[in-house]
Amino acid sequence: MITHTCVFRLRHAGGSAEEAAFVAAALELAAIAGVRNLDVVRQTSPKAPYSHCLTMEFATQADYDSYMAHPDHVAFTRDRWDREVTAFMILDYEPLGRQPVPRPRPGAAPVAGRTTTGTSR
């Protein structure tokens, strides 16, 4: 699996009609074969240099490569991204592993070594 992440600064103000149109156009990329879990979010912290983030997942490198060359993606990049994004960083990752964090279920005994608030004893 590949997670494609684009953090960017959008030229338009948050909550504007222009922002909404850009987001709507970005969400249409989900129709491209191989795109999974597409999400566009707006930054809430004034500390970050980017105003938005777009993420999506691909099951395989072939799906990712196909997306990158797809005419709809190329057109979005040319017609929207290049004109409406003022700065960006793109990160593409594949997972190396994940260890789930044990969470107590209501009514279940606490996890050994943890109190019910999740702090060490």
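Some values worked out for this structure:
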| item | result |
| --- | --- |
| With Cα atoms, 0 to 90° folded angle of helix 17-27 axis to the chain main axis | 70 |
| Percent of Cα pairs exceeding the 22 Å cut-off, where the set is segment 1-82 | 25 |
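Readers should treat all values here as calculations from the given coordinates under stated rules, not as data from a laboratory. Note that the structure is predicted; figures quoted are calculated from it, not measured.
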